[in-house]
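This report concerns only the one structure given below.
The values are calculated or read from the model by the stated rules, or taken from the named source; none is laboratory data. Just so you know, these numbers come straight off a predicted model, no measurement behind them. Neighbour counts run over all protein chains shown; Cβ positions are idealised from the backbone, glycine included.
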Amino acid sequence: MRSTGTVAELVRRQWGDHRPALKHGPTVLTHHQVVEGAAARAALLADLLPTGGEPHLAVLLDNTPEFPLWLSAAALAGAAVAGINPTRRGPEPARDILHTEARVLITERAHLPLLAGLELPGVRVLVTDTEAYAALLAPYAGARPGDAVVAPVGGDSRMLLYFTSGSTGAPKAAICTQGRLAGAGHALAGRFGVRPADVHYICMPMFHGNAVMAGWAPALAGGAAIALRPRFSASGFLDDVRAYGATYFTYVGRAVQYLLATPARPDDREHSLRLGFGTEAGAVDVARFRERFGVELVEGYGSSEGGAALQRSPDAPQGAIGRPAPGDDLAVVDPESGEERAAARFDGGGRLLNGDEAIGELVNRGPTPFEGYWRNPEADAARVRRGWYWTGDLFYRDADGFLYFAGRTDDRLRVDGENLAAAAIEDILARWDAVAAAAVYAVPDPVTGDLVMAALALREGAAFDPAAFAAFLRGRPELGTKMAPRFVRIVPRMPVTATNKVHRVALRRAGFRCPDPVWFDRDGDGTYAPLDAGALAGLLARYAEHGTRPPGG
């Protein structure tokens, strides 16, 4: 994704362009106004940042116009933006801000309670929706792009310090340079034919790499406009798309499932949208989205770290993410030995027959655009080993080179000595008519290995019918004999992280001892019964008998 260009160059070329560029409710800014605003903020930043420190600023904002304005300002000034997750609580926001060595924090009044009582030594806090902020910016209104820089601007200038999800341990700040971000923008703009008339609807949070790399950057590269939603809303999605004339959007995690769970409307296909691009929607929901809304969803694979990427082609089999980009050397290997795994074999129903031999971790054995984590050599060493980039994701590969996502390495399921792909089981469960969202994860078997547990969020008005669920499973030829869930947890809403990814750590931690209804197939014969107090006591006795620790204990 590298480019000889910079994000600063993409911003500067908008000067003098008076077409609409940024839409947010009734607010509409032209491309020229965006550059004017960015230049003013770059000049302010140059005066605020102390000499001798890192040229970093932290941004704790919802998706408001200030966020892309400060991204553009940082690009012009040669500074880097650290996106701060507003769902983190307690001392965590301060930890993230101080870890990135930011000297300026951009926030809004709605997020000030998150900062109450936190110590942020040496950090200047600017609150955007205040008179004081407007007065601070006013003297810089006449600035032009290039008037003020805090560090030399080039392709290797740090542009983003974007935190990983951080579902386990402290999140890591992945580095993205101006060259890589500009390259990503050019690549996606070319791949999807982004035109100046397009409008990119950004409803995923801009503190996360998906919205910036796959939404904002290709719009900037293609000269398109962006439309902002402060926070994702499934019920407001179509109304926004129509109001803004949006043609493209990005998604991640369960956002597509939330959209499909909204009540169908006769005018579901009356909109300007032509394409959605993201990850983890699943083949079933991609088909459902196309059928209901008439919009093609393109599933991709990548990360803020940029260590590996897959490209989907029209001839990809159902369930496949895609193939490596030309010139990439991606392989599926045994996480311990590094030996390449066997090619996947399937039966007539598409069921993976040799998961134990085929599932492994995806690695990039060639040159990688991964640029490291900020001040975290241990994480760098864990990510790059033997000269390879280790994605932390499980895949399997068919004989034609197509790659299939099997889950995260910490979502590994090993049942009766066989490796199972959580993603493949989720894809099957998603086909049950009553299901709005499904997550599959491992809980420890009382004897050895794992048992399969599923969390199901049901469609509005649906109830869990154990006999109907068992009949559905029996009717799926692609469901292997060890893949059926032994535990089914019915959740009112799937727990997710701030980026709409399923919070599997929380699900695994609770296991079957949770406040939600849990159904248990005690004998593995498809007979599901409520896990009541008596059944739970008997199950816990089995763990005690074998000296194993149950989840949630």
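Does residue 416 meet the test of being in contact (Cβ under 8 Å) with a residue 60 or more places away in the chain, of a type outside the set (A, V, I, L, M, F, W, C), within 30 Å of residue 546 (Cα to Cα) and surrounded by fewer than 19 Cβ atoms within 10 Å (Cβ to Cβ)?
yes
If you go through the stretch 17-60 one residue at a time, how many are assigned to a loop (DSSP other than H, G, I, E, B) and either buried (at least 17 other Cβ atoms within 10 Å of the Cβ) or of a type in the set (A, V, I, L, M) (or both)?
3
Condition first: in contact (Cβ under 8 Å) with a residue 24 or more places away in the chain, surrounded by fewer than 17 Cβ atoms within 10 Å (Cβ to Cβ) and touching a helix residue (DSSP H, G or I) at 6+ places or on another chain (Cβ under 9 Å). Now tell me which residues in the stretch 523-553 satisfy that.
Within the stretch 523-553, 526, 527, 529, 548, 549, 552, 553 qualify.
Scanning the stretch 425-444 for residues that are part of a helix (DSSP H, G or I) and over 19 Å from the mean Cα position of the chain (by Cα), which turns out surrounded by the fewest Cβ atoms within 10 Å (Cβ to Cβ)?
428
Determine whether the stretch 487-497 contains at least one residue that is within 16 Å of residue 254 (Cβ to Cβ) and surrounded by fewer than 14 Cβ atoms within 10 Å (Cβ to Cβ).
Among the residues of the stretch 487-497, at least one is within 16 Å of residue 254 (Cβ to Cβ) and surrounded by fewer than 14 Cβ atoms within 10 Å (Cβ to Cβ), which makes the answer yes.
Which numbered condition trips up residue 256, out of (1) surrounded by 22 or more Cβ atoms within 10 Å (Cβ to Cβ); (2) at pLDDT below 95; (3) of a type outside the set (Lys, Arg); (4) over 24 Å from residue 306 (Cβ atoms)?
(4)
In the stretch 468-482, how many residues are aliphatic (A, V, I, L, M) and either within 17 Å of residue 511 (Cα to Cα) or surrounded by fewer than 16 Cβ atoms within 10 Å (Cβ to Cβ) (or both)?
So the count comes out to 2.
Which of the residues belonging to the stretch 1-57 are more than 30 Å from residue 237 (Cβ to Cβ) and touching a Ser or Thr at 6+ places or on another chain (Cβ under 6 Å)?
Answer for the stretch 1-57, where residues must be more than 30 Å from residue 237 (Cβ to Cβ) and touching a Ser or Thr at 6+ places or on another chain (Cβ under 6 Å): just 56.
Can you name the residue in the stretch 357-408 that is among the charged types (D, E, K, R) and buried (at least 23 other Cβ atoms within 10 Å of the Cβ) and, of all such residues, is modelled with the highest pLDDT?
Among those residues, the one meeting the criterion is 397.
Just a yes or no: is a residue in the stretch 268-278 crowded, with 24+ Cβ neighbours inside 10 Å and in contact (Cβ under 8 Å) with a residue 12 or more places away in the chain?
Checked against the condition, which is being crowded, with 24+ Cβ neighbours inside 10 Å and in contact (Cβ under 8 Å) with a residue 12 or more places away in the chain, the stretch 268-278 yields no hits at all.
Listed residues 311, 318; which is within 27 Å of residue 332 (Cα to Cα), surrounded by fewer than 19 Cβ atoms within 10 Å (Cβ to Cβ) and in contact with a helix residue (DSSP H, G or I) (Cβ under 7 Å, 6 or more places away or on another chain)?
318
Scanning for something more than 20 Å from the chain's Cα centre (by Cα) and surrounded by fewer than 23 Cβ atoms within 10 Å (Cβ to Cβ), does the stretch 170-181 turn up at least one residue?
Looking for residues that are more than 20 Å from the chain's Cα centre (by Cα) and surrounded by fewer than 23 Cβ atoms within 10 Å (Cβ to Cβ), one finds at least one in the stretch 170-181, hence yes.
Within the stretch 202-212, identify whether any single residue is in a strand (DSSP E or B), closer than 22 Å to residue 309 by Cα, modelled with pLDDT of 95 or more and assigned by TED's automatic domain parsing to the domain that holds residue 24, and answer yes or no.
Yes, there is a match, as at least one residue in the stretch 202-212 is in a strand (DSSP E or B), closer than 22 Å to residue 309 by Cα, modelled with pLDDT of 95 or more and assigned by TED's automatic domain parsing to the domain that holds residue 24.
Pairs please, first residue from the stretch 135-150 and farther than 11 Å from residue 47 by Cα, second anywhere and surrounded by 15 or more Cβ atoms within 10 Å (Cβ to Cβ) and β-branched (Val, Ile, Thr), Cβ atoms under 9 Å, 6+ apart in sequence or on different chains.
144/35; 145/11; 145/35; 146/153
For the stretch 477-490, which residues satisfy the criterion of being touching a residue at least 60 places away in the same chain (Cβ under 8 Å) and either more than 25 Å from residue 545 (Cα to Cα) or not assigned by TED's automatic domain parsing to the domain that holds residue 528 (or both)?
Those that are touching a residue at least 60 places away in the same chain (Cβ under 8 Å) and either more than 25 Å from residue 545 (Cα to Cα) or not assigned by TED's automatic domain parsing to the domain that holds residue 528 (or both): 477, 478, 479, 480, 483.
Given the criterion outside the structural domain of residue 83 (by TED's automatic domain parsing), at pLDDT 90 or above and within 27 Å of the chain's Cα centre (by Cα), identify the matching residue among 493, 474, 509.
493
Report every pair of residues separated by at least 6 positions or lying on different chains whose Cβ atoms are under 6 Å apart, first residue within the stretch 345-370 and under 19 Å from residue 429 (Cα atoms), second part of a loop (DSSP other than H, G, I, E, B) and among the hydrophobic types (A, V, I, L, M, F, W, C).
From the stretch 345-370, the pairs are 347/353; 352/344.
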